[in-house]
Amino acid sequence: MNEVRLVGDNVEQGVYSFQQAMRIADDMNLDLVEISPNAAPPVCRILDYQKFLYQKKRKEKEQKANSAKVVIKEIRFGPQTDEHDYNFKLKHAQEFLKDGNKVKAYVFFRGRSILFKEQGELLLARFAADLESYGKVEAVPKLEGKRMIVNISPKK
């Protein structure tokens, strides 16, 4: 690496020899940092590396704090869930979706109740239809082992 393209604040941008670029960085009490090694000639910047690392870490922390944490609330039904229980669970799901959480509703089949797959599918379809104003269904109900699952995400 004989020559480098120098960029940065308070620096005359251009192509310098590596020794000359290092001398300029030393005179300013800053570091010479290689930014783009694949360019011809490689691009280097004069900056305070510790400060650069600190700002980078702070930005990452800020982004992490601003990112929304997705919470999935589960609601479990049996294939013969009666009307009162259904309405009770529906109210809970509405609250979860209002709060911005995803809802994972599933019908759990125990023993021979797997014969009532259609009932479970109808129950989940009705549940999704009742929650249409609060959220949208991500996929049609699907059977995974002894569970029939449907995921509902909140409307923005």
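Here, each number is a calculation from the coordinates, and none is a lab measurement. These numbers were taken from a predicted model, which means no experiment stands behind them. Virtual Cβ from ideal backbone geometry, glycine too; neighbours counted across all protein chains shown.
Does Gln80 satisfy the condition of being among the polar types (S, T, N, Q), surrounded by fewer than 10 Cβ atoms within 10 Å (Cβ to Cβ) and out of contact with any Phe, Trp or Tyr (no Cβ under 6 Å at 6 or more places or on another chain)? Criteria not met by Gln80. Scanning segment 104-133 for residues that are of a type in the set (Gly, Ala, Ser), surrounded by fewer than 19 Cβ atoms within 10 Å (Cβ to Cβ) and part of a helix (DSSP H, G or I) returns Gly111, Ser113, Ala125, Ala129. In segment 93-103, is there at least one residue being over 32 Å from the mean Cα position of the chain (by Cα) and assigned to a strand (DSSP E or B)? Scanning segment 93-103 turns up no residue that is over 32 Å from the mean Cα position of the chain (by Cα) and assigned to a strand (DSSP E or B). Checking segment 45-66 against the condition returns no match, with no residue being closer than 26 Å to Glu138 by Cβ, surrounded by 16 or more Cβ atoms within 10 Å (Cβ to Cβ) and not small (Gly, Ala, Ser).
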